[in-house]
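Below you'll find the structure, written out as structure tokens, and then a few comments.
The values are calculated or read from the model by the stated rules, or taken from the named source; none is laboratory data. A quick note: this is a predicted structure, and the numbers were derived from the prediction, not measured. As a convention, Cβ positions derive from the backbone with ideal geometry for all residues, glycine included, and neighbour counts pool all protein chains shown.
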Amino acid sequence: MSGVLVVIEQRDGAIGRISWEAVAAGKFLGTKIGVDVGAAVIGAATESAAAQLSAKALAKVVRIEHALLAQYTSDGYSLALEQFIAQDKPEYVIFPHTYQVRDFVPALATRFGEMLISDVIAIADGPVFARQLLQGRLQGSYRHTGTGPCLVSVQAGAFRADALEAGSAQVSRFTPALDAAQIRTRPEPPFRGSEQTIDLGSAQLIVSVGRGIKDAENLPLVQELAKALGAELAASRPICDNGWLPMERQVGSSGQTVSPRLYLAVGISGAIQHLVGMKGAQCIAAINKDPDAPIFEVADYGIVGDLFEVVPALTEAVKAAKG
Amino acid sequence: MKIIVAIKQVPERDAQVRIDPVGKWIEELDVQFALNESDAYALEEALQLKEKHGGEVIVISAGPERAGQVIREALAKGADRGIHIEADDLGSRDALGVARLLAAAIQPENPDLVLAGLQSEDLGLGQTGVILAELLGFPHSSLILHVDVTAKGLKVKRELEEGWFQSIELPLPAVLAIQSGGNKLRYATLMGIKRAKTKEVRRASAGELGADASPVVILEGISLPQKQRSTQILPGSPKEASAALVEKLRFEARVL
Ligand SMILES: Cc1cc2nc3c(=O)[nH]c(=O)nc-3n(C[C@H](O)[C@H](O)[C@H](O)COP(=O)(O)OP(=O)(O)OC[C@H]3O[C@@H](n4cnc5c(N)ncnc54)[C@H](O)[C@@H]3O)c2cc1C
Ligand SMILES: Cc1cc2nc3c(=O)[nH]c(=O)nc-3n(C[C@H](O)[C@H](O)[C@H](O)COP(=O)(O)OP(=O)(O)OC[C@H]3O[C@@H](n4cnc5c(N)ncnc54)[C@H](O)[C@@H]3O)c2cc1C
């Protein structure tokens, strides 16, 4: 076993940013332990993605291609990659932490008697892999002790893709042995959720509310603040899950991505799935009773206190300032 | 339909956590425990499927004595019986090891459907359900918000990134990892709590399940995240802090 293999995700030939970040993580690890780094792409038509990868400084690029891989299925992807890993014998396999990876890599790992070290945010000497625990309130250091390949997925934004060196990697093909009967699930084409009637994406001022609000009955408190500011109201996922606000107001990895001038987070802890949707805001302010809440890691301004006292005071202060 | 739901007991969301003196885990004595959020949604989906199609809902949890609490809570909400895998050594098992315990206890039950939560709120590896599917040899799908029973098996609604969804058909028996938010959660009624006391909870020890415990991944230590913040915390009473924030937003950040 040797080398680092990065398995990227492509859609119609397009490679997402998180996949490039996985390549960057693979290169970082490869340099650290002094081994070659290659990349692989899975699908029914992988030429375009492979061409983009081969323009980077990689030891090799592999097209894992088969007609039965046209649509993502856990069975198809696991079987194909299992066969390639068995042949290629990489010591580390790095993935972007996407929904697809969550869905099939744990099954793939199990076939090798291994486990995915998921959602990694940093790689230290050892190598030791850091990941968040308790929704970002603590951090854990993980070490691989198994005898098979070490599988790792990396969190969005944890590694920088823009520093990838250019190169010209050899492209090869791998054709897995697949049979339609081995694929047990039947996926249908993706569809959009509810009609979008609110364009949070272009809102300049956003007041966003989280589970700290405790009850739907208390929402008028933040609605008044939003009104005083002339801001749109948004929310973290649990607020929309509970049906307190419609899903189209949800900010985060499974909701909207916003980039307002001001994002004011009220009673939101700052889980990574929320942060990815709003860290592009020009200015972030947060109100939270917990001084250690992860939201304060990204906030420019913070008030540590009980939102039920702070929000009414802030509404008054805004009104006073506006005269 | 015979449905098994894997439920995990995790530290309560608002719990103040402290790292233990050896830096390996949190001080458990400080903490209240609760049912993991996505597991509550998995249980709700199971109870609704039973209401529509009949059958049995069995909850299973691996953990120390205190895990009995979440099993009783699930029974009070309407699950028919429980299986408690008593293990005090979960810290020395990785997700694969825990899934092996669960699989060993689930196999003899021959379920039609196994539901797990998508991800735990404490360790959050987000994979025990999928591993379980592989160990049981069942097809699976994850990030599921809704389940319909069809003539051929199941049709499920899977969440994709950025507000997209997808329907997937799969045959039974199957494993699904349930994402939060698909249903409205029920509360336990007084009657439910009373009835739960008479329901069966079978105890199995990790030892008798004979599952391999040697970990392939170890959690070497835990720490507080390195702060890289440059947050200006505005001090004072709510009124003072609010006035200061408005000042900053207007004249320093110039966003108002
Ligand atoms: C696959 C996946 C996708 C997800 N997608 C999203 C997404 O798109 N968007 C999203 O938001 N989440 C998403 N999540 C969920 C995410 O992981 C968190 O669970 C969620 O963001 C937490 O919401 P919250 O901060 O409102 O609640 P909590 O984490 O419960 O935080 C509540 C906060 O309120 C504070 N608080 C409580 N009472 C008060 C008070 N009186 N005054 C002041 N502060 C108070 C607490 O200190 C705490 O920090 C996703 C999760 C998964 C697994
Ligand atoms: C020092 C230490 C102490 C620990 N103590 C405990 C403990 O007291 N109790 C405990 O459960 N784990 C404990 N663990 C965690 C355990 O070792 C596994 O890592 C964990 O159970 C699986 O990983 P996860 O929590 O990331 O689950 P994920 O893969 O994120 O979980 C997904 C889903 O799998 C199911 N699931 C996961 N774990 C269980 C379980 N134990 N029983 C039933 N269903 C489950 C749930 O439906 C859950 O939503 C401890 C770990 C360490 C390091």
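Here are some notes:
- Counting the residues of the stretch B:126-164 that are within 7 Å of chain A (Cβ to nearest Cβ) and either touching a helix residue (DSSP H, G or I) at 6+ places or on another chain (Cβ under 9 Å) or modelled with pLDDT of 95 or more (or both) gives 16.
- Test: residue in the stretch A:93-101 that is in contact with a Cys (Cβ under 8 Å, 6 or more places away or on another chain) and within 14 Å of another protein chain (Cβ to nearest Cβ): yes
- One residue stands out in the stretch A:207-223 among those that are closer than 22 Å to A:Ala299 by Cα and away from ligand 1 (no atom under 11 Å from the Cβ): the one that is surrounded by the fewest Cβ atoms within 10 Å (Cβ to Cβ), namely A:Gln223.
- Annotation: of all residues in the stretch B:1-30 being small (Gly, Ala, Ser) and buried (at least 17 other Cβ atoms within 10 Å of the Cβ), the one that is nearest to the chain's Cα centre (by Cα) is B:Ala6.
- Among residues of the stretch A:44-57, those that are buried (at least 20 other Cβ atoms within 10 Å of the Cβ) and out of contact with any Gly (no Cβ under 6 Å at 6 or more places or on another chain), counted: 3
- Residue-level check: of (1) buried (at least 21 other Cβ atoms within 10 Å of the Cβ); (2) within 30 Å of A:Thr257 (Cβ to Cβ); (3) more than 16 Å from ligand 1 (Cβ to nearest atom); (4) facing chain A (nearest Cβ under 7 Å), B:Ser167 misses just (1).
- Complete set of residues in the stretch A:276-286 that are in contact (Cβ under 8 Å) with a residue 60 or more places away in the chain and within 12 Å of ligand 1 (Cβ to nearest atom): A:Val276, A:Met278
- Filter result for A:Phe296 (in a helix (DSSP H, G or I), more than 8 Å from chain B (Cβ to nearest Cβ) and either more than 11 Å from ligand 1 (Cβ to nearest atom) or of a type in the set (Phe, Trp, Tyr) (or both)): no
- Between B:Asp112, B:Asp39, B:Asp88, B:Asp80, the distinction of being of a type in the set (D, E, K, R), within 16 Å of ligand 1 (Cβ to nearest atom) and assigned by TED's automatic domain parsing to the domain that holds B:Tyr187 belongs to B:Asp39 only.
- For the stretch A:299-323, the tally of residues that are near ligand 1 (Cβ under 9 Å from one of its atoms), surrounded by fewer than 23 Cβ atoms within 10 Å (Cβ to Cβ) and touching a residue at least 12 places away in the same chain (Cβ under 8 Å) stands at 4.
- Filter result for A:Ala130 (in contact (Cβ under 8 Å) with a residue 12 or more places away in the chain, more than 14 Å from chain B (Cβ to nearest Cβ) and of a type outside the set (Val, Ile, Thr)): no
- There is no residue in the stretch A:77-95 that is touching a residue at least 40 places away in the same chain (Cβ under 8 Å), over 16 Å from A:Pro176 (Cα atoms), touching an Asp or Glu at 6+ places or on another chain (Cβ under 9 Å) and within 15 Å of ligand 2 (Cβ to nearest atom).
- Selection count, the stretch B:1-23, where residues are more than 10 Å from chain A (Cβ to nearest Cβ), touching a residue at least 60 places away in the same chain (Cβ under 8 Å) and among the charged types (D, E, K, R): 2
- Residue pairs meeting the criteria (Cβ under 7 Å; at least 6 apart or on separate chains; first without any contact (Cβ under 8 Å) to a residue 24 or more places away in the chain and closer than 18 Å to B:Ala34 by Cα, in the stretch A:134-145; second of a type in the set (A, V, I, L, M) and within 16 Å of ligand 1 (Cβ to nearest atom)): A:Leu134/B:Val17
- Among the residues of the stretch A:1-43, just one is surrounded by 19 or more Cβ atoms within 10 Å (Cβ to Cβ), part of a loop (DSSP other than H, G, I, E, B) and in contact with a Ser or Thr (Cβ under 9 Å, 6 or more places away or on another chain), namely A:Glu9.
- Residues (under 24 Å from A:Gly34 (Cβ atoms), surrounded by fewer than 21 Cβ atoms within 10 Å (Cβ to Cβ) and among the hydroxyl-bearing types (Ser, Thr, Tyr)) located in the stretch A:125-184: A:Ser141, A:Thr145, A:Thr147, A:Ser168, A:Ser172
- Count of the stretch B:126-146 residues, restricted to those that are under 22 Å from B:Ile83 (Cβ atoms) and within 15 Å of ligand 2 (Cβ to nearest atom), is 12.
- Where A:Val61 falls short, out of the listed (1) outside any loop (DSSP other than H, G, I, E, B); (2) away from ligand 1 (no atom under 16 Å from the Cβ); (3) under 24 Å from A:Gln273 (Cβ atoms): (3)
- Among the residues making up the stretch A:151-165, those that are assigned to a loop (DSSP other than H, G, I, E, B) and among the hydrophobic types (A, V, I, L, M, F, W, C) are A:Ala156, A:Ala158, A:Phe159, A:Leu164.
- Matching residues in the stretch A:137-153 - criterion: being under 22 Å from the mean Cα position of the chain (by Cα) and more than 7 Å from every other protein chain (Cβ to nearest Cβ): A:Cys150, A:Leu151, A:Val152, A:Ser153
- Some residue of the stretch B:87-95 being away from ligand 2 (no atom under 14 Å from the Cβ) and out of contact with any strand residue (DSSP E or B) (no Cβ under 6 Å at 6 or more places or on another chain): no
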